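Encoded as structure tokens, the structure appears first; notes follow it.
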Amino acid sequence: MRYFSVFNSHSMRALTFGLTIVRHGETQYNKEGLLQGQAIDSHLSEIGLQQAEAAGCYLKDVKFSNVFSSDMLRAKQTAETIVKHNSSCSGLQMACDPLLKEISFGIAEGGRMKDVREMAKAAGQSFPGFTPPGGETQEQVKERVKEFMEKMLQQVGAEHWHDRGEDETSISVSPETSPVEGNADDGVRGVPIHALVVTHGAYMCVAVRYFVEELHCSLPLGSDKAHMFSLSPNTGLCRFILTMRKEGDRFMLSGIRCVFIHRGDHVKQ
């Protein structure tokens, strides 16, 4: 697998698109402070269903061109609920991808979060970042993130480049100056290509860290890295603007910036 990297050489054409990543709604395991990982494919709790409905209502007028979801039940239920409320998604096929699965926590799955923290402490490590026996390492999860991003980039490019690829000078200003006003369409007004991705909390932590530390994602003013790298609330939203260019027959990422991180205003506490 050839993973993409940020591409810096000059090109006359580019494509800008939005990426909104959503954590699934609450499950009973979340409520009880238990780890689910991959072995436990639980459904949304009553509160989780309400959170998914709230996210769907919040995003109902935001246009999406592509929808991706983890193939785990809690993520699929959340994605289906968001899509149900959104008229722009009526003709779209949701792609369920195992690359978006939650991190595997090995022998700790089904156990208490506090027990894993103690296990990590005993090993002289911190959690998240600690890998229980039989679980995935952070590096292994990051490889899944990279593989999904490459796959998504090539799909979005193949589907939309012919119609939407523009002179790079015409697209480099508007997304950057689009104000963040606390609205559901912040950052994506006037950006016709927009991918929705529904996944999991620990997976999102790895993805955001990869965007910031390796793809050099630019951050909103006043960003706190501790908050950036923290666990998103159930149905929390993160939004990024990506720009790609074409090199030969492949699409390469040329820029990424964060519009907002872990937004949860739509969820009533």
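For K76, are the conditions met, namely being basic (K, R), in contact with a Cys (Cβ under 7 Å, 6 or more places away or on another chain) and farther than 20 Å from V188 by Cα? Yes, satisfied.
Considering only residues of segment 229-258 that are among the aromatic types (F, W, Y) and in contact with a helix residue (DSSP H, G or I) (Cβ under 6 Å, 6 or more places away or on another chain), which is most open to solvent (accessible area, probe 1.4 Å)? Per the stated criteria, the residue is F229. Within segment 50-62, can one find any residue that is in contact with a Leu (Cβ under 7 Å, 6 or more places away or on another chain), of a type in the set (V, I, T) and in contact (Cβ under 8 Å) with a residue 24 or more places away in the chain? No: zero hits.
Looking across segment 15-52 at every residue that is of a type in the set (G, A, S) and surrounded by fewer than 18 Cβ atoms within 10 Å (Cβ to Cβ), the one that is farthest from R117 (Cα to Cα) is identified as S42.
Just give me the residues in segment 204-225 being of a type in the set (G, A, S) and under 16 Å from R239 (Cβ atoms), in sequence order.
Result: A207, S218, S223.
For segment 184-193, the count of residues that are within 24 Å of K60 (Cβ to Cβ), of a type in the set (G, A, S) and at pLDDT 90 or above is at least one. If you check L219, L231 for being within 15 Å of the chain's Cα centre (by Cα) and either within 23 Å of S104 (Cβ to Cβ) or at pLDDT below 95 (or both), only one passes: L231. Taken as a whole, segment 81-89 holds at least one residue that is open to solvent by 10 Å² or more (accessible area, probe 1.4 Å) and in contact with a strand residue (DSSP E or B) (Cβ under 7 Å, 6 or more places away or on another chain). Looking across A226, A207, one residue alone is within 16 Å of the chain's Cα centre (by Cα) and either closer than 30 Å to G135 by Cα or surrounded by fewer than 17 Cβ atoms within 10 Å (Cβ to Cβ) (or both). It is A207.
The values are calculated or read from the model by the stated rules, or taken from the named source; none is laboratory data. The model shown is predicted, which means the values in this text are computed figures rather than measured ones. Glycine also receives a Cβ, built like all others from the backbone with ideal geometry; neighbour counts cover every protein chain displayed. Remember, those area values only see protein heavy atoms, side chains included, never the ligands or the DNA or RNA. Shrake-Rupley method; radii C 1.70, N 1.55, O 1.52, S 1.80 Å.
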